[in-house]
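Notes for the one structure printed next.
The values are calculated or read from the model by the stated rules, or taken from the named source; none is laboratory data. Small disclaimer: the values here were computed from a predicted structure and weren't measured. Backbone-built Cβ (ideal geometry, glycine too); neighbour counts: all protein chains shown. These area figures cover heavy atoms from the full protein model, side chains too; ligands, DNA and RNA do not enter into them. Shrake-Rupley method; radii C 1.70, N 1.55, O 1.52, S 1.80 Å.
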Amino acid sequence: MPLPPLPDAAVVLGASASSWREALRLAGGALVASGASTEPYTEAMIDLVDEHGPYIVISPGLAFAHARPGAAVLHDGLSVVTLASPVVFGHPHNDPVRVVLGLAVAGVGTHLESIGEIANLFNDATVTGRLAAATTADEVRAIMGVSS
């Protein structure tokens, strides 16, 4: 399954965040702005990190925020936030974070497939740095191989 489209409203470049919660609110806000989810989904992403720790920091400099499918997901969506200054999430090896991905998936079956697609994308260790340096939504889409 390909990754969901990445509309301009779901891309936030060079953002400022003073904490990991604020960084997740930016990623969740971009999902809301694109019409993929509602505010409760953003809070669910934050709640999962509160409950399970910084497991979403999946590689150096990269956080991959998501929550379970549910009523707060309107349709599959992806968001990308780059941070002007890195934020500490509390991960022992992969902090600080400069790129935050948000993923909202409407169906349980496609949830795991989408996570796998993102993991495959970031098998290339240069992707996070290239995203962090991106200056346009088109550049982000090209790096990630997604449509708008």
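Can you give the calculated 222 nm mean residue ellipticity of the chain, where each DSSP H run of n ≥ 4 adds -39,500 (n - 2.57) and the sum is split over every residue, rounded to the nearest 500 deg cm²/dmol? Mind dumping the intermediate values first?
On the way: 5 runs with 57 residues, N = 148.
Taking each H run of at least 4 residues, the total per residue is -12000 deg cm²/dmol.
Please report the carbon-and-sulfur percent of the accessible area for segment 34-116; probe 1.4 Å, protein heavy atoms only, DNA, RNA and ligands left out.
Working: 2040 of 3340 Å².
Reported share for carbon and sulfur atoms: 61 percent.
With the cut-off at 19 Å, report for segment 1-51 the share of all Cα pairs above it, as a whole percent.
Details: 369 of 1275 pairs.
Value for segment 1-51: 29 percent of Cα pairs lie more than 19 Å apart.
Ranked highest first by the average count of other Cβ atoms within 10 Å around their residues, in what order do 10-16, 97-103, 126-132, 79-85 fall?
Details: 10-16: 18.9, 97-103: 26.6, 126-132: 17.0, 79-85: 20.6.
The packing order, highest mean first, is 97-103, 79-85, 10-16, 126-132.
Counting only heavy atoms of the protein chains, get the accessible area per residue of segment 23-96 (1.4 Å probe) and round it to a whole Å² value.
Numbers: 2940 Å² over 74 residues.
With all protein chains present, segment 23-96 gives 40 Å² per residue.
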Residues listed by number, segment 1-32, amide nitrogen under 17 Å from ASP138 label point at 7 Å toward C-beta: 6-13
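Assign one of three labels to segment 53-148, namely rounded, prolate or oblate, based on the Cα gyration tensor with a ≥ b ≥ c the square roots of its eigenvalues; rounded applies when a/c is under 1.5, prolate when it is not and a/b is larger than b/c, and oblate otherwise. Please list the in-between numbers first.
Details: a/c = 1.74, a/b = 1.24, b/c = 1.40.
Oblate, since a/c reaches 1.5 and b/c is not below a/b.
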